[in-house]
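*Asks:* A single structure is presented below for examination.
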Amino acid sequence: MDALYLAKRKSASQTLSDICDRRPALASVLTVFMPLYAAREELRSSLQGSVSALPELQHPNAEFLSQGVPLLANASFDWIDAPFKEAAKAILPQLAGLEALAADIEAYAKGLESGKLVPSTLVAAYLSSDAKSLVKITKPFVASASVGAFLTQQILGPVLHAARNASGETDTAAWRQGYCPVCGSFPSIGCLGRPDPDQSEFAKGGGGKKFLHCSLCGNDWHFRRGACPGCNNEEPGAIEYLRAPDTPWERIEMCRKCNTYVPNIDLRETTENPDLDAESLGMLHLDLKAAEEGLKPLAPAFWNTFD
Amino acid sequence: MSKSFLIDTTRCTACRGCQLACKEWYELPANKTLQMGTHQNPPDLNPNNYKLVRFSEHLIGDKVEWYFFPDQCRHCLTPPCMGAADTVLEGAVIQDEKTGAVIFTEKSAKIAKADFEYIREACPYDIPRRDEKTGRMSKCIMCIDRVQAGKLPACVQACPTGTMNFGEREDMLALAEKRLAKVKKTHPNAVLADPYDVNVIYLLGDSPERYHTHSVAEAPAMGRRQLFASLRSGIGSGRSGVHKG
């Protein structure tokens, strides 16, 4: 990932607040999620003490990577109970603004507290995309499977992020898939990196290397610019763009073959260094445009799916 | 911390992409010019050109050397033009707190020609110009509209060689020092032009006077009015003492 960008990246709250200044029309939606994003960010560092390095990430399985199997596939999550519960205590109160989910959130929290909802089995089911098991595990606590998945994702994200940080840099150069090499989730956003100012004495060219940002664990991995992360379509012209004229660095990258899209920011075109999780939420106006075009987000969330 | 430019003249090929991008963005009209035996066109900054790539040629030994200097407002940390203008009409020249951009406002059209000359003389880089038809003062305004919207200034966006760089001041200062150390190996006379006084930092590959008379600040002889203006400008920005230039 672009080291210059990483060094200067703004906090999620600052990113959302800047977007509200730039696009006041989005403020009413973004302010609801500000406390949640701030809590998620805080958790990444506060969980460092209770999360230890994962051997799957410290010593990545080269065969897994070359065959497109995420590193945490079939991993054991016996360690996750305590940090998951700690994260739930911090995250669930921040979702109080979503009144329609109040009863579900309360029941989910009680389930965790009473021990009836077991984080290790919940996480294993969630990460293996085992929808049947996930429904079975969450049904006694939440009204719908999508709410159960949403709450689990919001809590699990910072825990996995902290575990990644504790495990150090993981070499995933052999990875060629459009889903995360660590946890297997689809990207919520992508970015094109800036050029290295020392790369050439004669021209500014370079940069533009594409990275996808995991919607769950926040991992960034390199991906081919001309390919669709959803269906691996690599035909010439496979990716089309949708953008607003006033912010040319923000765009929707869509594939007409599988009808999905991933938002993307071109860091070469802007002085901004946004937090990518927050930026994906701040591109709501383009999500709406994509929905009008009949496209589906590759990583659906409550804020980018419209009926 | 304000925003700054780093203009690395050692990378400039005088393509004038920056000059044209500036004209395009502000939709400035063309100037009627004559062939004067130089590639520098137009001959000087004017209300239709906030930016101008200056060409200088020098016979050094038995070789003609070309020096290119993309001239523009330096957006001084303590702008003497603002100090001078404030003694004439407050609000004609303002400084944006967040970016450090020095801006000539519409009010500047009310400033008389004689007072404009006084403001121009206060600038150690000879940047301010005046539209004789409207009376309005003109110069680079750091593409404040673009920068506030998160975009790069038009000249930086257009530059294909990496001469024009823009970002947070601390980042540009760090990049300037890094580039200077590298350039010094091949250009031992390389210097940074007034880096701690301005937000537009030039990296010059040779002695400043070879690029342009006003490539670095020189202190003009100060009359009483100018002394008062520079003191006022220093006090206004919370800095003590008389500003260089």
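The values are calculated or read from the model by the stated rules, or taken from the named source; none is laboratory data. On a predicted model such as this, the values are computed, not experimentally measured, just so you know. Neighbour counts run over all protein chains shown; Cβ positions are idealised from the backbone, glycine included.
To keep it simple, each residue is scored yes or no on (1) surrounded by 19 or more Cβ atoms within 10 Å (Cβ to Cβ); (2) touching a strand residue (DSSP E or B) at 6+ places or on another chain (Cβ under 6 Å); (3) part of a helix (DSSP H, G or I).
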residue	(1), (2), (3)
B:THR99	yes, yes, no
B:LYS107	no, no, yes
B:ALA114	no, no, yes
B:ILE127	yes, no, no
B:LYS133	no, no, no
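*Asks:* Which members of region A:150-188 meet the condition of being in contact (Cβ under 8 Å) with a residue 24 or more places away in the chain, part of a loop (DSSP other than H, G, I, E, B) and among the charged types (D, E, K, R)?
*Replies:* Correct list: A:ASP171, A:ARG176.
*Asks:* B:ILE7 passes all but one of (1) assigned to a helix (DSSP H, G or I); (2) in contact with a Pro (Cβ under 8 Å, 6 or more places away or on another chain); which number fails?
*Replies:* (1)
*Asks:* Let me ask something additional. Within region A:266-284, take every residue that is out of contact with any helix residue (DSSP H, G or I) (no Cβ under 7 Å at 6 or more places or on another chain) and not in a loop (DSSP other than H, G, I, E, B) and give me the one that is nearest to B:GLY162 (Cα to Cα).
*Replies:* A:ARG268
Results for (1) touching a Pro at 6+ places or on another chain (Cβ under 8 Å); (2) among the acidic types (Asp, Glu); (3) within 14 Å of chain A (Cβ to nearest Cβ); (4) free of Cβ contacts under 8 Å to residues at least 60 places away in the same chain, shown as yes or no for each residue.
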residue: B:GLY135; (1), (2), (3), (4): no, no, no, yes
residue: B:ALA154; (1), (2), (3), (4): no, no, yes, no
residue: B:THR161; (1), (2), (3), (4): no, no, yes, no
residue: B:LYS182; (1), (2), (3), (4): no, no, yes, yes
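*Asks:* Filter region A:203-241 down to the residues that are more than 14 Å from chain B (Cβ to nearest Cβ), loosely packed, with under 15 Cβ neighbours inside 10 Å and free of Cβ contacts under 8 Å to residues at least 24 places away in the same chain and list them by number.
*Replies:* A:GLY226, A:GLU234, A:GLU235, A:PRO236, A:GLY237, A:GLU240, A:TYR241
*Asks:* State which residue is farthest from B:GLY205 (Cα to Cα) when the search covers only region B:55-76 and only residues that are in a loop (DSSP other than H, G, I, E, B) and in contact with a helix residue (DSSP H, G or I) (Cβ under 9 Å, 6 or more places away or on another chain).
*Replies:* My answer is B:CYS73.
*Asks:* From the list B:ILE141, B:ILE119, B:ILE103, which one is assigned to a helix (DSSP H, G or I) and not charged (D, E, K, R)?
*Replies:* Unique residue meeting the criteria: B:ILE119.
*Asks:* Restricted to region A:242-265, and to residues that are in a strand (DSSP E or B) and within 11 Å of another protein chain (Cβ to nearest Cβ), which residue is surrounded by the fewest Cβ atoms within 10 Å (Cβ to Cβ)?
*Replies:* A:ILE265
*Asks:* Moving on. Output the residues belonging to region B:193-211 that are part of a loop (DSSP other than H, G, I, E, B) and touching a Ser or Thr at 6+ places or on another chain (Cβ under 7 Å).
*Replies:* Answer for region B:193-211, where residues must be part of a loop (DSSP other than H, G, I, E, B) and touching a Ser or Thr at 6+ places or on another chain (Cβ under 7 Å): B:ASN199, B:GLY205, B:TYR211.
*Asks:* So, one more: Taking region B:143-152, which residues are within 9 Å of another protein chain (Cβ to nearest Cβ), touching a residue at least 24 places away in the same chain (Cβ under 8 Å) and not β-branched (Val, Ile, Thr)?
*Replies:* Result: B:GLN148, single match.
*Asks:* Which numbered condition trips up A:LEU288, out of (1) surrounded by fewer than 21 Cβ atoms within 10 Å (Cβ to Cβ); (2) at pLDDT 95 or above; (3) of a type outside the set (Asp, Glu)?
*Replies:* Condition (2) is where A:LEU288 drops out.
*Asks:* Only one of these conditions is not met by B:LYS32: (1) at pLDDT below 95; (2) basic (Lys, Arg); (3) within 24 Å of B:LYS151 (Cα to Cα). Which number is it?
*Replies:* (3)
*Asks:* Quick check on B:ARG130: is it modelled with pLDDT of 95 or more, within 29 Å of B:ARG210 (Cα to Cα) and within 15 Å of the chain's Cα centre (by Cα)?
*Replies:* In short, no.
*Asks:* Looking at (1) surrounded by 15 or more Cβ atoms within 10 Å (Cβ to Cβ); (2) over 12 Å from the mean Cα position of the chain (by Cα), which is the only condition A:ALA174 fails?
*Replies:* (1)
*Asks:* Which helices (runs of 4 or more DSSP H) sit wholly inside region A:1-107 and have at least 1 residues that are of a type in the set (Phe, Trp, Tyr) and free of Cβ contacts under 8 Å to residues at least 60 places away in the same chain?
*Replies:* Correct list: A:62-67.
*Asks:* Which of the residues belonging to region B:24-54 are closer than 14 Å to B:PRO70 by Cα and either assigned to a helix (DSSP H, G or I) or free of Cβ contacts under 8 Å to residues at least 40 places away in the same chain (or both)?
*Replies:* Selection gives B:HIS39, B:GLN40, B:ASN41, B:PRO42, B:PRO43, B:ASP44, B:ASN49, B:LEU52.
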